[in-house]
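The values are calculated or read from the model by the stated rules, or taken from the named source; none is laboratory data. Treat the numbers as computed from the prediction; the structure is a model and nothing was measured. Neighbour counts run over all protein chains shown; Cβ positions are idealised from the backbone, glycine included.
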Amino acid sequence: MIPTERIAESNEDAGRFLAADVAHVSDVVGRWGVDAERVISSVARFSVAAPSWAVGTGGTRFGRFPIPGEPRTTYEKIDDVAALNALTGANRTVSLHVPWDDPDDPVALRAYARERGICFDAMNSNTFQDNPSTTANGGISYKFGSLANVDEGARKAAVEHNLAVIDLGVQLGSKAITVWLADGMNHPGQANFRGQFERVLDGLRAIHEHLPPDWLMFTEHKPFEPSFYASVNNDWGSSMLLAQGTGEQCLCLVDLGHHLPNTNIEQVVSRLAMAGRLGGFHFNDSKYGDDDLTVGSINHFQLFLIFLELLEAGGGSMPDLAYMIDESHNLKDPLEDLIQATDAIQHTLALALCVSHDDLTDAQQANDPARAAEVLHRAFRTDVRPLVAEARRRNGAAIDPLAAYRAAGYRAAAAAERGASGAATGL
Ligand SMILES: [Mn+2]
């Protein structure tokens, strides 16, 4: 854990000019009618889940470069998320991935997490690789798909796995399951488009039937990889058809990296929200595809526009969706990257909250695109970092979380305890 005294210590230095900076930004945004106090409290309220696999190093198909002190167990992953949350105050939940996380005693795990201030967000089921329970079961394999497979045994195993993940999630206090499928084709002619889609829909319906009444399930689309010719759930249209065909508790999840280049993601967000089917959100950034780069590191203005649509969907506040960071940390210390991702999310939320909705609507009603652009840019180009820092300070978190993380020596302590070659990410 990172003790609160260490954070308070780091805040003494980092906070020397904070009050003056907050007063200045409040004055600036106040000139166009934005209440900085509301921005601060909205950012302070917002939380985004850390996925359990993201506290370990990711990797590419060319290799993985582990760092000392990576978590070895789900318990140690919870420790890392708790440390992250102590620094940011904005990662109050963890999202597990089964079977990479497969706790023997879910009740004990839940209690362990609760003691550290961490709750369980949406569960993730994995049917994109063979796992011991399927291969042991009569040679069943997901090589040719899970829910879309022509083999009934594989489809049945995939449905059963999802049901088991829901049962596990119930014990952990989770309220949702995200179903991302690798199903599709790597070769033209390999399968029948309609047949695959209908089999997936049947499987999703069987999973939906098992949902407790207060649960949601999410369909997550992705255009390619590992199915490089065609994914079954390839885009938001397919995702929406699947959600609509599955049932009332099935909503769509948008992963920022799961779109073809130049896709207007903010428009996708608007459409799904308009249809009442927007349920989950995975943050990352990309230059080429599903790069899983640090949030806001490349397309920051696009992220800002996406946040505007989220605020629009929530009537001026962030809608109650399942938000998660979905990144692969190939070179950075995973916790440092998660700190930067969370900071980028908080920062961009603050920027979006500084847009005057009234002024933007006036410009739109007057058919004045230049003025509309000015309204967006005056917010986007304002330095709102003091408002974000103040939100963190009020949450008892670090004003400068990365500096506080390094000063606390967390990774070195973890390495001493866990050793140099731990890895429990499943990658
Ligand atoms: Mn995702």
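Tabulated results
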| quantity | calculated |
| --- | --- |
| Criterion violated by Ala341 - all others in (1) part of a loop (DSSP other than H, G, I, E, B); (2) within 16 Å of the ligand (Cβ to nearest atom) satisfied | (1) |
| Filtered residues of the stretch 87-135 (kept if out of contact with any helix residue (DSSP H, G or I) (no Cβ under 9 Å at 6 or more places or on another chain) and closer than 24 Å to Glu220 by Cβ) | Asp121, Phe128, Gln129, Asp130 |
| Failed item in (1) under 24 Å from Arg271 (Cα atoms); (2) away from the ligand (no atom under 16 Å from the Cβ); (3) touching a residue at least 24 places away in the same chain (Cβ under 8 Å); (4) β-branched (Val, Ile, Thr), with Thr361 passing the rest | (3) |
| Criterion (small (Gly, Ala, Ser), in a loop (DSSP other than H, G, I, E, B) and within 16 Å of the ligand (Cβ to nearest atom)) met by exactly one of Ala191, Ala182 | Ala182 |
| Residue in the stretch 232-250 that is of a type outside the set (Val, Ile, Thr), more than 29 Å from Arg205 (Cβ to Cβ) and over 14 Å from the mean Cα position of the chain (by Cα) present | no |
| Residue count, the stretch 2-39 (criterion: modelled with pLDDT under 95, β-branched (Val, Ile, Thr) and assigned to a loop (DSSP other than H, G, I, E, B)) | 1 |
| Matching residues, the stretch 217-228, being buried (at least 20 other Cβ atoms within 10 Å of the Cβ) and either of a type in the set (A, V, I, L, M, F, W, C) or away from the ligand (no atom under 16 Å from the Cβ) (or both) | Met217, Phe218 |
| Residue within the stretch 387-407 that is modelled with pLDDT of 95 or more, of a type in the set (Asp, Glu) and surrounded by fewer than 16 Cβ atoms within 10 Å (Cβ to Cβ) present | no |
| Residue in the stretch 298-312 that is among the polar types (S, T, N, Q), touching a residue at least 12 places away in the same chain (Cβ under 8 Å) and either within 14 Å of the ligand (Cβ to nearest atom) or assigned to a loop (DSSP other than H, G, I, E, B) (or both) present | yes |
| Cβ pairs under 7 Å, 6+ apart, first in the stretch 213-231 and touching a residue at least 40 places away in the same chain (Cβ under 8 Å) and over 17 Å from Val200 (Cβ atoms), second away from the ligand (no atom under 14 Å from the Cβ) and in a loop (DSSP other than H, G, I, E, B) | Trp215/Lys175; Trp215/Gln249; Leu216/Lys175; Leu216/Gln249; Phe228/Asn186 |
| Single match in Ser270, Ser231 (criterion: among the small types (Gly, Ala, Ser) and away from the ligand (no atom under 14 Å from the Cβ)) | Ser270 |
| Residue satisfying all of: in the stretch 166-179; assigned to a loop (DSSP other than H, G, I, E, B) and buried (at least 16 other Cβ atoms within 10 Å of the Cβ); nearest to the ligand (Cβ to nearest atom) among these | Ser174 |
| Count - residues of the stretch 244-266 that are more than 16 Å from Asp291 (Cα to Cα) and either more than 16 Å from the ligand (Cβ to nearest atom) or in contact (Cβ under 8 Å) with a residue 40 or more places away in the chain (or both) | 10 |
| Residue under evaluation Tyr75, criteria (1) buried (at least 19 other Cβ atoms within 10 Å of the Cβ); (2) out of contact with any Ser or Thr (no Cβ under 9 Å at 6 or more places or on another chain); (3) of a type outside the set (A, V, I, L, M, F, W, C); (4) more than 30 Å from Ile40 (Cα to Cα), criterion not met | (1) |
| Pairs, first at positive phi in the stretch 26-49, second among the small types (Gly, Ala, Ser), C-beta under 7 Å, six or more apart | Gly33/Ser356 |
| Any hit, the stretch 199-207, residues being surrounded by fewer than 23 Cβ atoms within 10 Å (Cβ to Cβ), over 22 Å from the mean Cα position of the chain (by Cα) and of a type in the set (Gly, Ala, Ser) | yes |
| Neighbours by Cβ (under 9 Å, 6+ apart or cross-chain): first from the stretch 314-327, in contact (Cβ under 8 Å) with a residue 40 or more places away in the chain; second more than 16 Å from the ligand (Cβ to nearest atom) and of a type in the set (Lys, Arg) | Ser317/Arg45; Met318/Arg45; Ala322/Lys175 |
| Candidate set from the stretch 354-369 (those that are among the polar types (S, T, N, Q) and not in a helix (DSSP H, G or I)); member that is surrounded by the most Cβ atoms within 10 Å (Cβ to Cβ) | Ser356 |
| Unique match (being in a loop (DSSP other than H, G, I, E, B), more than 16 Å from the ligand (Cβ to nearest atom) and more than 22 Å from the chain's Cα centre (by Cα)) among Ala158, Ala148, Ala154 | Ala148 |
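Condition check ((1) more than 16 Å from the chain's Cα centre (by Cα); (2) of a type in the set (Gly, Ala, Ser)) across all residues:
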{"site": "Asp291", "(1), (2)": "no, no"}
{"site": "Ile298", "(1), (2)": "yes, no"}
{"site": "Glu312", "(1), (2)": "yes, no"}
{"site": "His329", "(1), (2)": "no, no"}
{"site": "Leu335", "(1), (2)": "no, no"}
{"site": "Ala344", "(1), (2)": "no, yes"}
{"site": "Leu353", "(1), (2)": "yes, no"}
{"site": "Asp358", "(1), (2)": "yes, no"}
